[in-house]
Structure formats: structure tokens, C-alpha cells
Amino acid sequence: MTDEVKRPDETSPSRDTIGNLPATTAAEPEVVEVRRGMFGQPDTGDTSGYDGLVRAIAMPAPSERPFGGEFDLVADAFTGALALAGRTFDEAVEKVVVDRDEITFYVRRDAIVDACRAFRDDPDLRFELLSGVSGVHFPHDTGRELHALYHLLSITHNRRVRLEVTAPDADPHIPSVVEVYPTADWHERETWDFFGIVFDGHPALTRIEMPDDWPGHPQRKDYPLGGIDVEYKGAVIHPPETRRSYN
């Protein structure tokens, strides 16, 4: 025996408060992009001075049971609620990721409405509040470039989960969940406005931040950085693409 203190990654996993082991992963993280420079913008000058920075953009690997903590209870209740809706768990869910003490269910887009209804209505789940719908654009995630994320809160059980749905750039359609969570109304409009995800069945999918005649969706990563001169107290701040480069 030795009194040497081991690093956390050298020790056996400890059990949580209800006796479950932490979630395990089935594979290495999926690298979807190698980003160069501070902001990863390839077609304009890098004005940050960090144009030599190189880092991999990786998605967390899928997790296997046990997920740990109350996550297994949530997954079991979700499986049962889906069965009542006529779906199996594997039909509705692509994978589950537990990362940074948060759980994300990657839901197939044709099942998102049933999934939200299950999380809202099942008494063992009772996620009454959809606090937001947000978008992400991963141009290098081929066939899954557009991601929509749904943040759910159970006031009854004091739990949070995240649902994630993907769609390709070539077919950017995801069913709207406004009929289940009315709070999704403005959030889906904002995600459409900024990322171009079309939420089928939304009662009024129009822009909410940008002018109605604005071309494109400005938070996509393939959207140009420049385009508008900004005037500030008499000085003009030119678009980033027209500034000098440190390369």
C-alpha cells in the first residue's frame, strides 16, 4: 500500500447518492470539425492575432446505461410513456448523451412531438415548462448540419433534460411543438430567423428579430461576417472582412 494520491482519472468511479455508477460512453467523441483561428472563419482576414490556433470540435460520445443519478428513472419513465404513444424507445431516440452532469436525448425529428407530449404528460416526468428552443449550425456534420435543442424543466420533480433534433441543410424541416408547449411559439420563430430551420405546423413562422426582407439567416456559420458599416459617435467601424489581417 502507498499513501500516493491518485489523479481522478486513475481511480475507480464512485457511486452517486442513490447507488448508481456514473454514465459510461460507448465510443470516442465524434470529431466534426477542425477549427483554425479564433473564430474559424476561413474566407476573411483573421484580426484576432490567433490565426495559428488549431483545435478539434468534437461531439460527446453516446452514453450507456447506467446513466447515473435520476437519469435512469427519467429514461425508464420516458420509455414507458413512448410505449403508450405506440413508439419504442429506439424508434424515437437515436442516442443518449450524459455530459457535464446533464442528459440529452437525441430524438428523431418525426418523433419530437410525441416525445414532448410524453415528457409533459407522464406523471413520473411532468416536464411542464419548455424554457427555450435554440439552434446550432455545424456545417461539417454532414447530413445533420442543423440542430434544434429543446430545454425542458420539471417544476414538480425539479429536473431538467435536453432534447436535440437534427436536420440536413438540404431538408431543414422539423415538426413544430407549439401544440404541446405554447412557449415554443416565439422560440421557434427566432430559431427559424437565425438558422433557417423550418418548423412545420407553426401557426405563424415569420421573422422575429431581423427585418422581414433580410436575406439569409445570420447565425449560420456560413453566413458572411461583413456587410454593414457601423457608425459609432462619428467613427465608422468597417465589417470584419474589410479590416486588415494579421496573417
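Just so it is clear, none of the values below were taken in a lab; they were calculated from the coordinates. Bear in mind the structure is a predicted one, so any value in this text is a computation, not a measurement. A quick note on method: Cβ atoms are made from the backbone with ideal geometry, for glycine too, and the neighbour counts reach across all protein chains shown.
Data table
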quantity: Some residue of region 112-121 being at negative phi and surrounded by fewer than 16 Cβ atoms within 10 Å (Cβ to Cβ); calculated: yes
quantity: Thr79, sole failed condition from (1) closer than 17 Å to Thr191 by Cβ; (2) of a type in the set (Ser, Thr, Tyr); (3) part of a helix (DSSP H, G or I); calculated: (1)
quantity: Tally of residues being touching a strand residue (DSSP E or B) at 6+ places or on another chain (Cβ under 9 Å) and surrounded by fewer than 17 Cβ atoms within 10 Å (Cβ to Cβ) across region 152-161; calculated: 3
quantity: Residue under evaluation Tyr223, criteria (1) under 27 Å from Met59 (Cα atoms); (2) in contact (Cβ under 8 Å) with a residue 24 or more places away in the chain; (3) surrounded by 13 or more Cβ atoms within 10 Å (Cβ to Cβ), criterion not met; calculated: (2)
quantity: Test: residue in region 141-149 that is buried (at least 18 other Cβ atoms within 10 Å of the Cβ) and touching a helix residue (DSSP H, G or I) at 6+ places or on another chain (Cβ under 8 Å); calculated: yes
quantity: Near pairs, Cβ below 6 angstrom, 6+ apart or cross-chain, from region 71-83 (touching a residue at least 24 places away in the same chain (Cβ under 8 Å) and closer than 11 Å to Leu125 by Cβ) to any residue that is buried (at least 18 other Cβ atoms within 10 Å of the Cβ) and β-branched (Val, Ile, Thr); calculated: none
quantity: Residue in region 166-178 that is buried (at least 19 other Cβ atoms within 10 Å of the Cβ), hydrophobic (A, V, I, L, M, F, W, C), out of contact with any Pro (no Cβ under 7 Å at 6 or more places or on another chain) and more than 19 Å from Phe199 (Cβ to Cβ) present; calculated: no
quantity: Selected residue (criterion: farthest from the chain's Cα centre (by Cα)) from residues of region 100-111 that are surrounded by 15 or more Cβ atoms within 10 Å (Cβ to Cβ) and over 17 Å from Ile174 (Cα atoms); calculated: Ile103
